[in-house]
Amino acid sequence: LVEHRFARSKMSAFTVAATCIVGLGVLLTYRRGAPVAAGASLLLFAAARRKVSIVKLATAAFAVACCFFLVTSTGRARIDDARRSLGDRAEIFGRSIALVREHPFFGVGHGNYGPAIAPKATELTSANPKDLVSQAHNLVLHIAAESGLVGASAFVLAVLSALVAVARRISRAG
């Protein structure tokens, strides 16, 4: 019984430390969606641990952050920038999906996304062609473009398998 409690407390400490490290890493990316991703992970962590007080605190912090973004000029500028970025990404996604349709099974080959999508960059109206050529801005879509649906399916299967293994480990430990 004592060993079980010690193992459980060790796992809890590890989970908290891992959550903090991942949250800090996400925030340090300086991406627009980082605070939302960090907040969502905190909410999921708190919900999984059944910590109602943390869920309430995280929800309140999120509400304050939303108010900050709505009332400050910096926040409104970031929202406008995000709106433009979403439009550009929708255009990039459409071009990337067209590339996947042209090469559905095995894609264009690893590292060939840029050269394969470059001719489509001239057709863009709003997105920066440099952004289009560098990446699909969606990992699964990028893998599908380079490795086809075969490679994308293998990637998704590997990620899901890892998540299932982690979920089983957490359920056994808790």
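So that you can scan it fast, the table gives a plain yes or no per residue for (1) over 22 Å from residue 171 (Cα atoms); (2) of a type outside the set (Lys, Arg); (3) modelled with pLDDT under 70; (4) out of contact with any strand residue (DSSP E or B) (no Cβ under 6 Å at 6 or more places or on another chain):
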residue: 8; (1), (2), (3), (4): no, no, yes, yes
residue: 29; (1), (2), (3), (4): yes, yes, yes, yes
residue: 32; (1), (2), (3), (4): yes, no, yes, yes
residue: 41; (1), (2), (3), (4): no, yes, no, yes
residue: 58; (1), (2), (3), (4): yes, yes, no, yes
residue: 63; (1), (2), (3), (4): yes, yes, no, yes
residue: 67; (1), (2), (3), (4): yes, yes, no, yes
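Restricting attention to the range 134-141, does a residue exist that is in a helix (DSSP H, G or I) and at pLDDT 90 or above? Scanning the range 134-141, I find at least one residue that is in a helix (DSSP H, G or I) and at pLDDT 90 or above, so the answer is yes. Looking at the range 81-88, is at least one residue open to solvent by 60 Å² or more (accessible area, probe 1.4 Å), modelled with pLDDT of 80 or more, of a type in the set (A, V, I, L, M) and in a helix (DSSP H, G or I)? No: the range 81-88 contains no residue that is open to solvent by 60 Å² or more (accessible area, probe 1.4 Å), modelled with pLDDT of 80 or more, of a type in the set (A, V, I, L, M) and in a helix (DSSP H, G or I). Pairs meeting the criteria (first residue in the range 136-163 and touching a residue at least 40 places away in the same chain (Cβ under 8 Å), second residue among the polar types (S, T, N, Q), beta carbons under 7 Å, at least 6 apart or on different chains) are 136/96; 141/96; 142/135; 145/96.
The values are calculated or read from the model by the stated rules, or taken from the named source; none is laboratory data. Note that the coordinates shown come from a computational prediction; the quantities given were computed from them, not determined experimentally. In this analysis, Cβ positions are derived from the backbone assuming ideal geometry, glycine residues included, and neighbour counts consider all displayed protein chains. Remember, those area values only see protein heavy atoms, side chains included, never the ligands or the DNA or RNA. Shrake-Rupley method; radii C 1.70, N 1.55, O 1.52, S 1.80 Å.
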